[in-house]
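Student: Before I ask anything, let me first share the structure, which is written out below as structure tokens.
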Amino acid sequence: MLKRIVAIIAIFVCASAAWMVLGTSIYLRTENAGSQLSGRVASTWGASQEQHPPVVSYAVPETKIVEVEEEGKKIKKNVTQNVDKFVPLDSSRVAADFHIDYRQKGLLWFSTYTVGFAGDYAIQNPMPQDEVFTIRLPLPAKQAVYDGVEIFLDEAPLPLDFSGSDVTARGKLPANAKGRVHAAYRSQGQDNWSYKFAGADEVARAKDVHVAMKTDFGGFDFPENTLSPTEKRKTVQGWEMKWDYQNLVSGFNIALQMPQKLQPGPLAARISYFAPVSLFFFFFLVFILSTLRGIDLHPMNYFFLAAAFFAFHLLLAYLCDHVSIHAAFLIASAVSILLVVTYLRLVVNLRFAVVDAGLAQLIYLVLFSYAFFFEGFTGLAVTIGS
């Protein structure tokens, strides 16, 4: 009996080592491919987006005295240069509509989305004469696709100039007149979308700000160091959120983090790391029941049972690349249970194979592993199952 127990423990230790190797290989395969796959998704779909308010300015000629050299002599000249004067935004009305559209690459899902952006901004001409204003709208990402880009001044469409990561338009306002700038586009990105009033480590001031976001999904989050919505309402399709401020002074910005789908790679790795616990419960129960009933199970029988358990995780790890994680889990469970039941039917009998071993495997392998699909409930499920 002692030699048999030692042999079973040795089989258990070897199987545990194999699961550690499998789990580590899945993690490494996922992590090494993660950054590369994220770049590939960004190159075909789009990257995270950071939208800034438009910058409005007008040119004022200023005369300066500069020292120049002509014919070997230094002389002073009056030079007239245009200096940009920036106009503050008196109010901002921003709307962003989001639709989630997940993309899978290898063992990872990426939270890709489409966004429809529209912003209305109130400005005023501070000069006593007509002025031509330059409206520069920073585009939220270089790795992105934009459609329907438009800028209006008082409902009049303006011709657009694209340069680098900005789109520029020019329009005229009468003396001391108020105007409304409208900017809109449709785009697509990945993981996050933010509306930034200022750069990093800067405190910005914004007057009469109203930002509205609409989603057709739930499960999103707000990143750290961002403003929480002042109003949040659930709709039939998703959520509506609003940020309303009369005179905002803050170093925080507004941001939305897209919901993350269940990741097959990390999930399969965690299940593999947990496998020795499942096998321990199964071996313990099979050993006790076979001893009490006088069933003679050789250590090699335990070796093949461990191999059937390992087949579950091996099949799950490489099948979730090609089918959904739920389908892969179902197939791997069926194969592993079939291996155990058909093997013990030949070694012992049908009743022991189906009722004792099969039911124990269903609880300690399948249900324990399925608990990992519910984040935060794994420990509770394992405790109840134990």
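The values are calculated or read from the model by the stated rules, or taken from the named source; none is laboratory data. What you see is a predicted model; the values in this text were computed from it and never measured. So basically every Cβ, Gly included, is an ideal-geometry build from the backbone, and we count neighbours across all protein chains shown. What goes into the accessible areas is simple: the full protein's heavy atoms, side chains included, and nothing from ligands, DNA or RNA. Shrake-Rupley method; radii C 1.70, N 1.55, O 1.52, S 1.80 Å.
Student: Out of the residues in the stretch 255-284 that are assigned to a strand (DSSP E or B) and hydrophobic (A, V, I, L, M, F, W, C), state the one that is surrounded by the fewest Cβ atoms within 10 Å (Cβ to Cβ).
Tutor: This residue is Ala255.
Student: Then there's this: List every residue pair whose Cβ atoms sit under 7 Å apart, with the two residues 6 or more apart in sequence or on different chains, where the first one lies in the stretch 225-241 and is more than 22 Å from Gly251 (Cα to Cα) and the second, anywhere, is in a strand (DSSP E or B) and β-branched (Val, Ile, Thr).
Tutor: Matching pairs, first to second residue: Gly238/Thr215; Trp239/Thr215.
Student: Please enumerate the residues belonging to the stretch 249-304 that are more than 24 Å from the chain's Cα centre (by Cα) and under 30 Å from Gln49 (Cα atoms).
Tutor: Val249, Ser250, listed by residue number.
Student: Is it true that Ala357 is open to solvent by 20 Å² or more (accessible area, probe 1.4 Å), of a type in the set (Gly, Ala, Ser) and more than 16 Å from Tyr273 (Cα to Cα)?
Tutor: When the stated conditions are applied, Ala357 does not pass them.
Student: When you go through (1) open to solvent by less than 40 Å² (accessible area, probe 1.4 Å); (2) touching a residue at least 60 places away in the same chain (Cβ under 8 Å); (3) within 16 Å of Phe117 (Cβ to Cβ); (4) not acidic (Asp, Glu) one by one for Val167, which number turns out not to apply?
Tutor: Result: Val167 fails condition (2) only.
Student: Specify the residue that is most open to solvent (accessible area, probe 1.4 Å); the eligible residues are those in the stretch 208-230 that are more than 23 Å from the chain's Cα centre (by Cα) and either of a type in the set (Val, Ile, Thr) or at pLDDT below 90 (or both).
Tutor: Only one residue fits best here, namely Thr230.
Student: Collect the residues in the stretch 334-357 that are within 44 Å of the chain's Cα centre (by Cα) and free of Cβ contacts under 8 Å to residues at least 12 places away in the same chain, keeping them in residue-number order.
Tutor: Matches in the stretch 334-357: Ala334, Leu338, Thr342, Val355.
Student: Ok, one more. Among the numbered conditions (1) open to solvent by 60 Å² or more (accessible area, probe 1.4 Å); (2) within 29 Å of the chain's Cα centre (by Cα); (3) polar (S, T, N, Q), tell me where Thr235 comes up short.
Tutor: Every listed condition holds for Thr235 apart from (1).
Student: Continuing with the same structure: Would a scan of the stretch 332-341 turn up a residue that is closer than 30 Å to Phe217 by Cβ and out of contact with any Lys or Arg (no Cβ under 8 Å at 6 or more places or on another chain)?
Tutor: Yes, the conditions are met somewhere in the stretch 332-341.
Student: Something else about it: Which residues, counting only those in the stretch 360-377, are among the hydroxyl-bearing types (Ser, Thr, Tyr) and surrounded by 18 or more Cβ atoms within 10 Å (Cβ to Cβ)?
Tutor: Of everything in the stretch 360-377, those that are among the hydroxyl-bearing types (Ser, Thr, Tyr) and surrounded by 18 or more Cβ atoms within 10 Å (Cβ to Cβ) turn out to be Tyr364, Ser369.
Student: Follow-up question, since we're still on this one. Scan the stretch 156-206 for residues that are within 18 Å of Glu224 (Cα to Cα), assigned to a strand (DSSP E or B) and not polar (S, T, N, Q) and report the count.
Tutor: So the count comes out to 3.
Student: Show the residue pairs that are 6+ apart or on different chains and have beta-carbon atoms under 8 Å apart, the first residue being within the stretch 368-381 and in contact (Cβ under 8 Å) with a residue 40 or more places away in the chain, the second being of a type in the set (Gly, Ala, Ser) and not in a helix (DSSP H, G or I).
Tutor: none
Student: Now for a separate question. Check whether at least one residue in the stretch 67-84 is within 30 Å of Tyr245 (Cα to Cα) and at pLDDT below 90, and report yes or no.
Tutor: Yes, the stretch 67-84 contains a residue that is within 30 Å of Tyr245 (Cα to Cα) and at pLDDT below 90.
Student: Please count how many residues of the stretch 9-62 are of a type in the set (A, V, I, L, M) and modelled with pLDDT of 90 or more.
Tutor: 12
Student: Would you point out the residue of the stretch 91-110, among those that are modelled with pLDDT of 90 or more and crowded, with 18+ Cβ neighbours inside 10 Å, that is nearest to Gln263 (Cα to Cα)?
Tutor: Ile100
Student: Considering every residue within the stretch 159-173, establish whether at least one is in contact with a Gly (Cβ under 9 Å, 6 or more places away or on another chain) and within 19 Å of Val60 (Cα to Cα).
Tutor: Yes, the stretch 159-173 contains a residue that is in contact with a Gly (Cβ under 9 Å, 6 or more places away or on another chain) and within 19 Å of Val60 (Cα to Cα).
Student: Select from the stretch 320-338 the residues that are surrounded by fewer than 19 Cβ atoms within 10 Å (Cβ to Cβ) and in a helix (DSSP H, G or I) and list them in ascending order.
Tutor: Within the stretch 320-338, the subset surrounded by fewer than 19 Cβ atoms within 10 Å (Cβ to Cβ) is 321-324, 326-327, 330-331, 334-335, 338.
Result: His326, Ala327, Leu330, Ile331, Ala334, Val335, Leu338.
Student: Could you say whether any residue in the stretch 231-254 is modelled with pLDDT of 90 or more, outside any loop (DSSP other than H, G, I, E, B), in contact with a Gly (Cβ under 9 Å, 6 or more places away or on another chain) and over 30 Å from Trp193 (Cα atoms)?
Tutor: The answer is no, given that none of the residues of the stretch 231-254 is modelled with pLDDT of 90 or more, outside any loop (DSSP other than H, G, I, E, B), in contact with a Gly (Cβ under 9 Å, 6 or more places away or on another chain) and over 30 Å from Trp193 (Cα atoms).
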